[in-house]
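These notes are about the structure you will find just below.
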Amino acid sequence: MKRSTRLAKVVCLGLAVAMVAAACGGDDDDAGSDTTASASATTAAAPATDGAPTTTAGSDTTTGSESTEAPDATEAPETTEASGGEAPSGEPIKIGAIYDLTGPLSALGEPASKGAQAYIDQLNADGGIDGRPVELVLINSESTSDAAVAGIRDLIGQGVVAILGPPSGTTASAVLPIANEAQIPVLSPQGALNLGEGYMFTTSLAGSRTLSNFAKFFTDEGVTKVGWLIAGDALGQTQSELARPIFAEAGIEVVAEQTINPTAADYTTQLAALKDAGAEAVYVIASGAPVVTAAVGFDALDMPGFILLQNAAVAQIPLFGDAAPTVRVPQPKVAVFDQIPADDPLRPAIEEFNTVAEAAGVPIDLFGAGGYSGARIITDTIAEVGADPAAIYERWIDDFTDEENLAGSISWTADDHGCCGLNAWTWAIPDPPNERFEVLRMAE
């Protein structure tokens, strides 16, 4: 599927995004406090069309929407294939978003929500879809399954046509049955679940694809005995069950497993048990705050080898401190764009995202890019088939391909909703002094 923007337009669109964000009062410092105050909030992605207030669920207060003038026709960027080139008007097309904005998974949810909003703002600044504005209805799933389930039911009740997120397998697994029951397409950057036949699709390396890549990394490093730290949540349970046969087939012995509380501040006892069992390296089956806690404990115990993380966000890099050299973590090329070859096929799409991200204050990492790519894919599909959940779903299962997804090329079918090729991935180490990820090598 084509992108609905052109690289030549990006500078203009980036400036438009910045103008819309400024007019809505959404700078980086305020974004966290504004969006995390409650479990549900509707984000005005376009100029208000009906003067309705923005209601914050779980709160006794209601605040009026701040109206923003659209750019003049003489100042507006060029039109996209999905727009009419004029200020959008009429009934908004509602897209839901479920992101963990508070709790241990907020390092994933915050950048994803900002990436999604940046693309929606960009699209609306360029005329919306067929002249209609697009509205992102944002839910804070609070890093809990209960809030995620309540959130998707809320979004379905509000009439959204598709849903972005959640970014973690923990909350994604909770919403999947509800999405299937309601027949609402969900596009998540989660990396834990094998997806097929249901209504959830992923934009990131996921499930068995992820684990096969991890097992190969261990064997390439000469590691045959691994200890596991497993989050005591749905992500940990699902991922560890998938991983056991894959690691066994690769000839890797899991010498010990330890369950960790995702909200705990210290894993010394569990890590010491893995060290005593003879682990040559450690694999952390968790997301969010636990990956930093595990890495710091691994370094403090002077454990052998390295600690392999499921993922890490750019905002977490400074938190690794002296433990950073012991960490190995997969990172998409978008997070290390200054270290990839100039002729890399993904570079144009990455540069386009980076221009908009820098203007809108979006973290340039897996999660910021995941929110941005997800919003692009959903809105491109709506422009093609209409704002109808059934039509969107049918399009995605009909041999849907996307070569410019920032986490790797997509090829969805009726029985495989997973992603991605390894064309967008690297192995990296956090570099706290420079606040970036340093590439070890490209994924193979």
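The values are calculated or read from the model by the stated rules, or taken from the named source; none is laboratory data. Worth saying up front: this structure is predicted, and the values here are computed from it rather than measured. Heads up, the Cβs are rebuilt from the backbone with ideal geometry, glycines too, and the neighbour counts pull from every protein chain shown.
Just a few scattered comments:
- Enumerated helices (runs of 4 or more DSSP H) restricted to segment 106-182, each holding at least 1 residues that are of a type in the set (A, V, I, L, M), under 17 Å from residue 200 (Cβ atoms) and at pLDDT below 95: 106-125, 169-182
- Matching residues, segment 150-178, being without any contact (Cβ under 8 Å) to a residue 40 or more places away in the chain and under 13 Å from residue 100 (Cβ atoms): 172
- Remark: residue 393 falls outside the filter, which requires a residue to be among the hydroxyl-bearing types (Ser, Thr, Tyr), in contact (Cβ under 8 Å) with a residue 40 or more places away in the chain, under 23 Å from residue 109 (Cβ atoms) and assigned by TED's automatic domain parsing to the domain that holds residue 127.
- Enumeration of residues in segment 263-291 that are surrounded by fewer than 24 Cβ atoms within 10 Å (Cβ to Cβ) and more than 23 Å from residue 252 (Cβ to Cβ): 263, 264, 265, 266, 268, 269, 289
- Listed by first and then second residue, the pairs linking a residue in segment 109-136 that is within 15 Å of residue 90 (Cα to Cα) to a residue that is among the charged types (D, E, K, R) and part of a strand (DSSP E or B), with Cβ atoms under 7 Å apart and 6 or more places separating them unless they lie on different chains, are 135/94.
- Any hit, segment 173-181, residues being buried (at least 24 other Cβ atoms within 10 Å of the Cβ), within 23 Å of residue 408 (Cα to Cα) and under 16 Å from the mean Cα position of the chain (by Cα): no
- Residues satisfying the stated conditions in segment 244-269, i.e. within 29 Å of the chain's Cα centre (by Cα) and assigned to a helix (DSSP H, G or I): 244, 245, 246, 247
- Those residues of segment 151-172 which are over 18 Å from the mean Cα position of the chain (by Cα) and surrounded by 20 or more Cβ atoms within 10 Å (Cβ to Cβ), in sequence order: 155, 160, 161
- For segment 365-386, a tally of residues being in contact (Cβ under 8 Å) with a residue 12 or more places away in the chain, of a type in the set (Gly, Ala, Ser) and surrounded by fewer than 24 Cβ atoms within 10 Å (Cβ to Cβ) returns 1.
- Among the residues of this structure, residue 322 does not count as one that is more than 22 Å from residue 143 (Cβ to Cβ), free of Cβ contacts under 8 Å to residues at least 12 places away in the same chain and surrounded by fewer than 17 Cβ atoms within 10 Å (Cβ to Cβ).
- Candidates 193, 229, 187, filtered to the one that is within 24 Å of residue 313 (Cβ to Cβ), more than 21 Å from the chain's Cα centre (by Cα) and in contact (Cβ under 8 Å) with a residue 12 or more places away in the chain: 229
- Some residue of segment 397-418 being more than 19 Å from the chain's Cα centre (by Cα), buried (at least 18 other Cβ atoms within 10 Å of the Cβ) and modelled with pLDDT of 90 or more: yes
- Residue within segment 352-362 that is buried (at least 19 other Cβ atoms within 10 Å of the Cβ), touching a His at 6+ places or on another chain (Cβ under 9 Å) and of a type outside the set (Val, Ile, Thr) present: no
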